[in-house]
Structure formats: structure tokens, C-alpha cells
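The values are calculated or read from the model by the stated rules, or taken from the named source; none is laboratory data. All figures in this text were calculated on a predicted structure; none of them were measured in a lab. Glycine also receives a Cβ, built like all others from the backbone with ideal geometry; neighbour counts cover every protein chain displayed. What goes into the accessible areas is simple: the full protein's heavy atoms, side chains included, and nothing from ligands, DNA or RNA. Shrake-Rupley method; radii C 1.70, N 1.55, O 1.52, S 1.80 Å.
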Amino acid sequence: MGASCTTALLTEVVLPQEDERIVHGTVDFTGAYFLRAAALAAERACGLGFIHSHPRGRGWQRLNTIDHEAEASFAAQTQVITGRPLVGLTFAGTDTGFGARIWQQQAPRRYAPTEAESVRVAGGCLGHLQ
Ligand SMILES: [Zn+2]
């Protein structure tokens, strides 16, 4: 009883521009990139998803400490700018698996990730997670 589900549909990709990337071992990005993507999302009444890859990963990618910190730092801003929770996704390069989570507000200034149950790819696009 009372089962509910949340679905996030990814419809458009906003890639970083050359000056929005910081490359140092792992590729990073600038706050300007985040803000540009968040503003675009808000303009279209959409939320924001973040995707990055683990080139040597396999299967469902759980959130590691580094990723947790990075996504947590954007969860509140995403909620404020777009009015929707941040969706974080990780792509595993080895077998093209995904991991995904939705960052929900637990308390003022406290956001925690809820792991998605599944990520589905529809029509050759990135797809649909639930
Ligand atoms: Zn990562």
C-alpha cells in the first residue's frame, strides 16, 4: 500500500564548452557550467541531471565519496534554481551500465541521495530512470 515512484526523464544534453572544463586527472567542470545548465533547465521548466562516467566501471555505479561530495554541493542550488531535485547519474564505460540517484531535501540545508531502482534507455536517447 502507498507505493509511489518518482520518474525523471532526461530529454536534452547540455555539454560543457571548452572554457567550462577543468582537466586534471579526472575531468572537472566549472561553476559557470553548472549555472548555465541550471538556468537553461529553469527556463524550460525542467530539472537538472548530472552525468559523468567511470570509464573502467562495470554495472550499477554506486556513489563514491568524491562523487557524493560533488553532487551534494550542487543539490541545494539545483533545488533553488529549478525547483526540482538534482538527479545524479554515473555511466559505466565497460558495459554501458548506469547508476542513478535523486537528491532529496531531508532538512534545511541537508540533501541525501536516494538510489534509483532502474535506469532505462529509450529510443537511442539517454533515457528514463525510475
Ligand atoms: Zn565518479
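Side notes on the structure shown:
- Residue identified as loosely packed, with under 12 Cβ neighbours inside 10 Å and at pLDDT 90 or above among A45, A3, A41: A45
- Among the residues of the stretch 16-70, those that are more than 10 Å from the ligand (Cβ to nearest atom) and acidic (D, E) comprise E18, D19, E20, D28, E43, E69.
- Candidates T78, T90, T94: the one that is outside any helix (DSSP H, G or I), of a type in the set (S, T, Y) and closer than 15 Å to A8 by Cβ is T90.
- Residue count for the stretch 100-122, restricted to those that are out of contact with any strand residue (DSSP E or B) (no Cβ under 9 Å at 6 or more places or on another chain) and open to solvent by less than 70 Å² (accessible area, probe 1.4 Å): 1
- In the stretch 71-91, of all residues being within 15 Å of F29 (Cβ to Cβ) and open to solvent by 50 Å² or more (accessible area, probe 1.4 Å), the one that is farthest from the ligand (Cβ to nearest atom) corresponds to Q77.
- Only one entry in R56, R62 is in contact (Cβ under 8 Å) with a residue 24 or more places away in the chain and surrounded by fewer than 12 Cβ atoms within 10 Å (Cβ to Cβ), namely R56.
- Matching residues, the stretch 86-130, being acidic (D, E) and either at pLDDT 90 or above or in contact with a helix residue (DSSP H, G or I) (Cβ under 8 Å, 6 or more places away or on another chain) (or both): E115
- Enumerated strands (runs of 3 or more DSSP E) restricted to the stretch 11-65, each holding at least 2 residues that are of a type in the set (A, V, I, L, M): 21-24
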